[in-house]
Amino acid sequence: MTISLPQSLRVETCKDIGAEKFNRLYRHRRPVLLKNLLPEAVAPLWKQKTYLARQLLKKEGKLEVMYAHDQQNFMDDVDFVEKGLVSVDDVLDVILNNTLPEEDAGHGNGSNKGENANSRRFYHRAHLSEAMLNDLDIHTIRNRLFGERADDFSFAPESKSELIRLWVSTGGNITPMHFDRCHGLLLQVYGRKRFVLIHPDDTSSVYPYDGINGPSHGAKVRRIGYSYGREPFSESNTVPFELVEEILTRFPKITDADIYIVDLEPGDVLYTPPGCWHEVTSMTNSISVTVPWDMAPFELDDVPVNMAF
Ligand SMILES: O=C(O)CCC(=O)C(=O)O
């Protein structure tokens, strides 16, 4: 018997997308990787400690962070995480200087159990400062993707900028498989993140929680991103077989799913449609931004199966 997950698939990738093409993918609720869509100045600026130290919004000089109970799976839910306060200096030293002890990202199992912010994985999620919002120039991204039709599709991040979030994570963090009821862009600014995307039609393959015994919109499958190794599309890739075996034993229906893997680099933007299952792994320390927006009223006539209740 061969031990493997389904061959990973690639999502549509565009280097220079125009509104016409984006609208077509968007109407069909297809995820799309948009290469180099961020303004060029952002990635070099947002890896400077002095800049970040000025821009991060502090509470009494500290940043709120989440620590995962299992040191790996982060979800804003007390069953998964506890909260703490850490100085900006400590956060930035870990994120920019990589002071967290090295771990094998291909086999990461949450064994990183240090005692303080300098050795424990954490996630800092927060609003963005005005300057950071200006840097991202979301208005230009809006015009590139939607042209004249931004209002038809309810894409109005300028008026709902409080929904835009910064995500600062240590390498090895996982946001477990879930779906959102809104559309979303993830803007990758620093480091690398891996998305595993699974279509709503494959909902039974991810073992969804029933919303009573676990987080609603959440699924039980774990660590799919890690199970494809470091280079999911390379012949020479080393796949962590023990992890694959564990997943196949606990979640055998995962083999029925089409599994899309997207590795994001600084400058990339990923569009994720509503209802699309996704698991997000920080393959290195990472800084990204999410921009969500609601479905337009006409889209609600035809929602993905997993959103229908
Ligand atoms: O970046 C992450 O860890 C999670 C992002 C996410 O879940 C989203 O974009 O919906």
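Things worth noting here:
- Criterion applied to Val189, Val206 was being out of contact with any Ser or Thr (no Cβ under 8 Å at 6 or more places or on another chain) and not hydroxyl-bearing (Ser, Thr, Tyr), and the one residue passing it is Val206.
- Any hit, region 182-189, residues being modelled with pLDDT under 95, out of contact with any strand residue (DSSP E or B) (no Cβ under 6 Å at 6 or more places or on another chain), within 13 Å of the ligand (Cβ to nearest atom) and within 24 Å of Lys220 (Cβ to Cβ): no
- Val221, sole failed condition from (1) under 20 Å from the mean Cα position of the chain (by Cα); (2) surrounded by fewer than 17 Cβ atoms within 10 Å (Cβ to Cβ): (2)
- The test for being under 14 Å from Val168 (Cβ atoms) and either surrounded by 15 or more Cβ atoms within 10 Å (Cβ to Cβ) or modelled with pLDDT under 95 (or both) holds for Gln55.
- Checked against the criteria, Asp201 does not count as charged (D, E, K, R) and either farther than 21 Å from Met295 by Cβ or part of a loop (DSSP other than H, G, I, E, B) (or both).
- Test set (1) more than 26 Å from Arg149 (Cβ to Cβ); (2) among the hydrophobic types (A, V, I, L, M, F, W, C); (3) more than 10 Å from the ligand (Cβ to nearest atom) - Leu300 fails condition number: (1)
- Which listed residue is more than 29 Å from Leu197 (Cβ to Cβ) and either outside any loop (DSSP other than H, G, I, E, B) or within 19 Å of the chain's Cα centre (by Cα) (or both), from Thr13, Thr50: Thr50
- Only one of the numbered conditions (1) within 16 Å of the ligand (Cβ to nearest atom); (2) exposed (fewer than 13 other Cβ atoms within 10 Å of the Cβ); (3) modelled with pLDDT of 90 or more is violated by Asp76, and that is (3).
- Residue among Gly211, Gly225 that alone is touching a residue at least 12 places away in the same chain (Cβ under 8 Å) and of a type in the set (Gly, Ala, Ser): Gly225
- One residue stands out in region 16-47 among those that are in a loop (DSSP other than H, G, I, E, B) and among the aliphatic types (A, V, I, L, M): the one that is surrounded by the fewest Cβ atoms within 10 Å (Cβ to Cβ), namely Ala41.
- Residue satisfying all of: in region 258-285; more than 12 Å from the ligand (Cβ to nearest atom) and either free of Cβ contacts under 8 Å to residues at least 60 places away in the same chain or of a type in the set (S, T, N, Q) (or both); farthest from Tyr123 (Cα to Cα) among these: Thr284
- Residue match in region 147-157 (condition: farther than 24 Å from Ser282 by Cβ, within 16 Å of the ligand (Cβ to nearest atom) and either surrounded by 22 or more Cβ atoms within 10 Å (Cβ to Cβ) or modelled with pLDDT of 95 or more (or both)): yes
- In region 81-95, the residue that is nearest to Ser286 (Cα to Cα) out of those that are assigned to a helix (DSSP H, G or I) and among the acidic types (Asp, Glu) is Asp93.
- When the residues of region 164-175 are filtered to those that are buried (at least 24 other Cβ atoms within 10 Å of the Cβ) and near the ligand (Cβ under 9 Å from one of its atoms), the one that is farthest from Gly191 (Cα to Cα) is Ile174.
The values are calculated or read from the model by the stated rules, or taken from the named source; none is laboratory data. Just so we're clear, the structure is a prediction, and the values are computed from it rather than from any experiment. Glycine also receives a Cβ, built like all others from the backbone with ideal geometry; neighbour counts cover every protein chain displayed.
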